[in-house]
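Asks: I'd like to ask some things about the structure below.
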Amino acid sequence: MAAYKTNAIVLKREDIFEADRLYHIYTEDFGKIRTIAGGVRKINAKLTGHLEPFNLVWMELITKKNGDLFITTALSYGKLLNQNALPSQITLFSKMADFVLKMLKGPQKDNALWDFILMNFLKASSVEAGKADKFLSEYKTSFIKILGFGDNIEEALWYNY
């Protein structure tokens, strides 16, 4: 089993099995990955609060024989989305996370993309309700430019389906 340590942004979580969760995260060292946290839905689970969506987390991961990644340790050190966030901010964060998941197919380290995603999630927490659509549009355009698609979002989406 190999062990890894990295900083990450929790983008999405899905319940699997009886007490486990599958997490979609964007990491500083590996890019987008899917990983499993065992037993986090149990009442006394210590990782649960740290692995909330839109948290900045330092984590340790291990690979099992079948290649699956498992979270062994997680420590949140920042929340990108405030606890008293408006519904429009929650929607904006969800759309930004979904776009990351849609555009990135597998793990690939990219320092420029890590900085961009982190910076824009931090900015998004202060976007006013009426300006969320404009912010999201600019985010998507800049994101695909970093990926090398220029300004053509339709082409970028076509390549990623």
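None of the figures in this text is laboratory data; all of them are computed from the coordinates on show. Given the structure is predicted, the values throughout are model-derived calculations rather than measurements. A quick note on method: Cβ atoms are made from the backbone with ideal geometry, for glycine too, and the neighbour counts reach across all protein chains shown.
Asks: Please tell me the relative contact order of the chain in percent, rounded to the nearest whole number, where contacts are Cα pairs under 8 Å and at least six residues apart.
Replies: Rounded, it is 20 percent for the chain.
Asks: Taking other Cβ within 10 Å of each residue's Cβ, how do I117, I36 sort, fewest first?
Replies: If I rank by nearby Cβ atoms, fewest first, I get I36, I117.
Asks: Give the angle, between 0 and 90 degrees and rounded to the nearest 10, that separates the Cα long axis of helix 111-124 from the longest principal axis of the Cα atoms of the chain.
Replies: 80
Asks: Tell me the relative contact order for segment 87-159 as a rounded percent, counting alpha carbon contacts under 8 Å between residues six or more apart.
Replies: 38
Asks: Taking Cα pairs under 8 Å and at least six residues apart, what relative contact order does segment 24-92 come out at, in percent?
Replies: Normalised by residue count, the contact order of segment 24-92 is 26 percent.
Asks: In nm, to one decimal, how far is the E138 label point from the E18 one, both placed 7 Å along Cα→Cβ?
Replies: Simple spin-label model gives 5.0 nm for this pair.
Asks: List, in the order given, every pair from K65/K123; K42/K109; K109/K140; K12/K123 whose Cα-Cα distance in the structure shown is over 28 Å.
Replies: K65/K123; K42/K109
Asks: Quick check: residue separation of K65 and M1 times 0.36 nm, minus the Cα distance between them. What number comes out in nm?
Replies: 22.3 nm
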